[in-house]
Every structure is written in structure tokens, then in C-alpha cells.
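In what follows, a single structure is set out as C-alpha cells and then discussed.
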Amino acid sequence: MDHTELTIPQLARVLWRKKYILGIAVLAAAIGGYLIARQLPETYTARGLLVVEPRQISISELGAGLNGSAGDLIRTQTEAQVLRSRALAEGVARDLKLADNPLFMKPDEWSPIDAAKTFVLSLLPSGDAAEGVPVDPNAIAANIVQANLDIAASEKSAAIGVEYTAEDPGLASQIVNRVMEIYMAGQVRSKSEVTQHVNEVLSGRVGRLWQEVADADRRVQEFRAANGLLETNGSDINALALADLQAKLDTARGQVTSLEASVQSTTRALETGGVDASAEVLASPLIQGLRQQEAQVARNLSSMSERLGPRHPQIRAVTEELGNVRGQIAGEIRKIWQSLRRDLTIAQAQVRGLEQRIAEVQSRAQVSAGKDVELQQLVKEAEAKRVIYQSYMARVEQTAGGETGPLPDVRIASAAVVPIKPSGPNKKAIAAFAGMAGLSLAGAGVLLRDATRGRVFTGDELAKLTHFPAFGTIPVVRGRRHGSSRLPDAVVMAPQLDAAESVRGLWAGLRSARHGWTPKVVMVTSSVPGEGKTSLVTALGRIAALDGARVLLIDADFRMPTVGSFLRQEPGEYVDELLAENEPPEAALRIDHQTGMMYLPASGRVKNPQAVLTSQSMAMLLQDARANFDLVLIDSPPVLRVSDPVMLAAHADAILFVGAWAQTHRNTAAAAARRLKAPPHVLVGSVLSRVGRKAGTHDYYAGYHRGRKALPAPRPANADQDAAYVARSSG
């Protein structure tokens, strides 16, 4: 037997077929769980909340402190472990006197496990059993507290939840609050002891440090007085003087450079007669006026030269005037040049004086450099001792408890209140869990049963089981988006669907199965009812009729006819009753108005269907249909129920054996194939119907028009011919 791996959609289909069994299992398990939960005693859970807020002081000077350096998460987890400690549980049991509380120390109910332990201990020799060992009620109460106390430390915050579950709501809230109070009291007591010890150590060191600071400051002052060093807020006086002189020297050098450039430009102006004038020359108002006068005289001379000769008295007078103006300009330029020369000499003298003073300061700084180094060392020592002293003073102030004393690292964010509603048992949750468990067990049983029985999931698997070649697979038609969820209607209303394309491909495969030969009479059968043979044969006839073929569909399942229900037949005669009475069967002929396909429905009311199928009238009907139609389809009964398909196989040219995806059993399909013995000339093939869309199987013909909009059904090409055939048969 071939192994076929089941996919999730296939498993879902198997479970869906057994939905009622699964529903009953879920309902029974849920009811059982709910009834069991009702028998359990009600419990109440009181809740409190602590928040970790570290207020510790780390005493690094002493190499110790009031707290560790662990991270927040580790610290929260550590505090949670302390809350779970045995000592804390014993303190709660002792303070609340839980050992004397009858509601808390209830006697345990009888259980088979305890009875078995008692019986085994009674069989042991007396020397092996512990005798005379006193039982401490407080220890038992502490064990109960630890067992029912739940401490939850958050991983994303500094909160710690404290919960206690008991049958008495008031007692549960008392235990939670007492747990938090004892824990915080322990923290305060521990911090007080550490604080007292730290203060004693710090007080002894503060006095010694103050004396060391005073001695260091005295040595600094004595060194300054002995070496004549002035205090300039930490800066060297020689360095300040050098910085000031260097700034002045840079300014003086800049003035010298500017004056030298001005002198050079003025000198060129003197040499060129004022043509190449410097900025100082051009900026002089007197020279600007003389320049304007010179330009005016030059224009006058040029104008007069065009009219008068060079020896004319007016020409000579204007020329003399022009020379006087230019002489005045040269004199003013010389005055500016002399002034710039004096300023340059003064600036150069200032530069030389500043350079000399800088050299003197540098010489003096070299002499006092060693003293400054010693002074800076003394100052650093004094400052270091002062920092240490101030640090110890701050620690003394921080560790002093003040009026309130040391504060704990944890505060109560929410105290426990008496719970009103019980927290358990959660009857709905138990019932839901029981229902899910029932569903899981029932589903596993259904799948195991289905796996042991074996079903067909691929067309190739069906072909191997029956030894009939695979002619195709037909996808399932779901929903009513296309007008109907039935395959015969879908091939007409939605020809673009995969199912319609698959049926059309099946019709094409039949016509080309053998070269040069097309079967006329095709019988369709299955192993058992409900595998989709009638739906397939009706859809195949409609597809062939839409393609232009003259098609006759004969409902030969005289015991359970269904062709008429698929085609919504009109009232009239039935082929099985006419054949039983030896009357012409043409009176039962009807037409499918949507496609033009002719069909002969059956009533299912004849007493001896097998005799009718083997009668001469049935043979003549098939012979006449072969002569008048292009395709004759026979919907025969299932093979394993009756022997009718075996008898009808002698009249067929081809046989289609239909199996249903995830429904047809392997053994059933193989047994039906062995029983269906067709003549050698008959073409036999297998078709797997109702295949899920995600079944993982390959459809040989579907998918040509996927995604296209639905087209209106074409008018049958053979509608007029079939109507004429009906009229002729009726006449």
C-alpha cells in the first residue's frame, strides 16, 4: 500500500466530517470538568505589591557600604527570594498564631495515597519507624504558608507581587500584609545596624582628616611667604605678564607692517608724480581738491589748445597754472610721506622695547620656575586632602539617620484587601480545558481511525489502486458566489472556474484518448453512493452540449435516481417505468434549456430494476441513442452495491470510475475495480472528484481562465436539432 502524506486541509476535511462526534466529545468533557470543579472548595487570593526603591549609600572610602552593586533585575530577584524564605514564613506563622487557628490548620481529607503510606509504615518493624519525635505545629504552619505563598518578581520593572491563597479571605489578606510588614521591618533593622557601624568608623576618620587639611594649607602659605610668590587664583604672574606683553608686541608688529606698506606706496606716488597714489594720499581732502583743480585746468588747456597755438599767452598762463597745481600736490604727498616715516620709526621703537621687556620676563620666569613647581605640588596635596575630607563629611551626613531613621529599600505600593470573589477553582477554565482535552482526544481518535482505514487523496493513487489510467481530477465547488455550489450549475454559470475547466479537459481527453476514435457511449460509475458520479456525469453532458455536441444523458440508476434533481426536471414520464411497460422511452425525453442537453430521468419506482436494465427495450434504447446522438452518457449505480454497472458495461465504449477525494477508501476502490470487468475494447479511466483547493494534487486541465470575469453561457449550438428530435420522437 502506498503511503500518502496528509496535509492540513485534508486533516481538516476528515475532522469536519466527524464534527458531530467531536462536538459531543467536547460537550461531554466540558460538562464533566465543570462538575468536578464544582466539588472543589472555593479559595480566595489576596494580593499585595512591593516596589524596590534602593536608598542605600555606597561607602567607597571604607571599602564597604550599605548595599551591593547588583543590577536592578538581580536585586529584585534577590528580594523575591528573601520573601520566600523559611524564616519569614515562620515569623508570619508565629505572629498570627496560625498553629492555633482551626480554619488554617484543618485536618487533611482522606486520600488513597495517604492511606497507602500509613499502611506501608504500619508493616515496618517498630525499630525502623521514627517514634517519639515531637511534631512542631508552628513548623507545619510555616510549611503551609510557604506552599500557598506566591512571590512574583517582574522582569521589566522593580515591582514584586505577593499573593496568598486560602479558603478564608480575611486570613489570606492578613498573611499577605504580615509578610510585607515583617520583610520591611527586617530591612529597617538590618540597615540600622550597618548605619550605626558606618557612622562610628566615619566619625573617627573625619577628625584626623581635618587636621591633615589644616597642615597642608599652612605649608602652602609658608612656602609662598618664603619665596615671595603671589597668589593669582592659581595662575603664574610671570605667565600673565608674558601673555600681556606678547599681545602688545603682536599689535605693534602689525602697526609696523602697515606703516611700511603705506611708506612704500607713498614713495611710489612721489616717484610717479602722484599717479600711483597710496590710500593715505587719496584719503587727504586737500589732495582731493587739488586733484579736482588739476583735472579742471587740464580740460581747459585741452580745449584752448584746439583753438589757439602753443605760444599764445592764454596757453602759457594755463600751462603755468597746471604746473603750480601739480607742485602743490607733490608737496602735500611729501608731507604725508614724512609723517608716515615718523610713525614708522616710533612703531619700530615700540617693537624693540616690547621685545626687550619680554626677554626680561622670560629670564625672571626661568629663575622662579622651580619654585612654582614646588608650590603647585603643595597646592595639589592640600586640595586632595580637602576633597577627601569633604567626601567623608558628605558620607557622615548621608548615613545619619535623622529623626526618621534609615528607610527600607522596598515600599508597600498596595496593601492586601479582603478579596470578595473567589479566585478558584475557575470552573469555566477547567471546563474549557476539559473540553479542549476532549476535543484533542476525540480528534486524535478520528484521525487515527481514518488513517487505519485509509482514504484516497490523489488521482495517481486512485489510478494505482484501480489499475485504471487517471483521466483527471475535479476540484470541489464551494459557496454560492457563482450562483450555485453544485458542479453541474457551476460549469454553466461560471465557466472560468477550475472545476469547469477540469470537466472541459475531461471531455477533451475522452475525445483524444485513442487516435482517430471518439467514444459515443460513456458510462459513469463509482464504488459506493455519494462519491460525485451523478454530479460529474451531468456536468460532463452540459459541457459537451455547450461545445456543440448532441448529448443524451440516461439516468440508469433505477434504484436511487438523482439526475432529475440536478437538472430541476419538469413533470412527465420516466424512462424506467416506460421500459418496464415496453412502451417507447422517447416520451420521457426532456431538454436542459440552459445547454440543450437531452436527458431521460428515472423514477426509482420499478420493482425489478435489474430486469429492466437487461431487457431488449434497454438495448434498443441504447442502440437508437448511439445512432442519433454524438455522446450518450449513462449514470449507472455504484459497483459494490449492485451488479447493474457490470451489465451496462457491455453497451459502453468508455467507462469513467469516479472516486471522491478524502472520502473514497482504498480497499473500497480496489474492490470495486476488481468487480468492474469491462470488455477489452472498452476504454476505462479513473477520475478523482471533489478535490480540495489546497489538496496538493495536480489538476490536468484546470486553470486556463483563472482570474477572468464570468462570461454568459453561450446558446447551445444543437438546441434546434435537439428540439426537432424531441418533436420527431413524440410524433
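The values are calculated or read from the model by the stated rules, or taken from the named source; none is laboratory data. Computed from a predicted model, the values in this text were never measured in an experiment. Every residue, glycine among them, receives a Cβ derived from its backbone with ideal geometry; neighbour counts consider all protein chains shown.
Worth pointing out:
- Contacts under 7 angstrom Cβ, first residue in region 332-358 being assigned by TED's automatic domain parsing to the domain that holds residue 241, partner among the acidic types (Asp, Glu), 6 or more apart: 336/280; 340/280; 344/260
- Being in contact with a helix residue (DSSP H, G or I) (Cβ under 7 Å, 6 or more places away or on another chain), in a loop (DSSP other than H, G, I, E, B) and assigned by TED's automatic domain parsing to the domain that holds residue 657 is a property that residue 548 lacks.
- The set of residues from region 519-533 being polar (S, T, N, Q) and under 18 Å from residue 505 (Cα atoms) is empty.
- Failed item, numbered, when residue 472 is tested on (1) more than 30 Å from residue 173 (Cα to Cα); (2) part of a helix (DSSP H, G or I); (3) in contact with a Phe, Trp or Tyr (Cβ under 6 Å, 6 or more places away or on another chain): (2)
- Every pair of residues 6+ apart whose Cβ atoms lie under 8 Å, when the first sits in region 297-309 and is under 11 Å from residue 319 (Cα atoms) and modelled with pLDDT of 75 or more while the second is exposed (fewer than 10 other Cβ atoms within 10 Å of the Cβ) and not aliphatic (A, V, I, L, M): none
- The condition (being at pLDDT 75 or above, assigned to a helix (DSSP H, G or I) and of a type in the set (Val, Ile, Thr)) is satisfied by just one residue among 198, 179: 179.
- The selection criterion, being closer than 29 Å to residue 394 by Cβ, at pLDDT below 80 and in contact with a helix residue (DSSP H, G or I) (Cβ under 9 Å, 6 or more places away or on another chain), holds for residue 205.
- Residue list for region 512-557, filter: over 22 Å from residue 645 (Cα atoms) and without any contact (Cβ under 8 Å) to a residue 12 or more places away in the chain: 512, 515, 516, 517
- Pairs are defined by a Cβ separation below 6 Å, a sequence spacing of at least 6 or placement on different chains, a first member in region 185-200 that is within 25 Å of residue 91 (Cα to Cα), and a second member that is assigned to a helix (DSSP H, G or I) and of a type outside the set (Lys, Arg); the pairs so defined are 195/399.
- Scanning region 171-221 for residues being surrounded by 14 or more Cβ atoms within 10 Å (Cβ to Cβ) and of a type in the set (S, T, N, Q) gives a total of 7.
- Which listed residue is loosely packed, with under 14 Cβ neighbours inside 10 Å and at pLDDT below 85, from 8, 24, 57: 8
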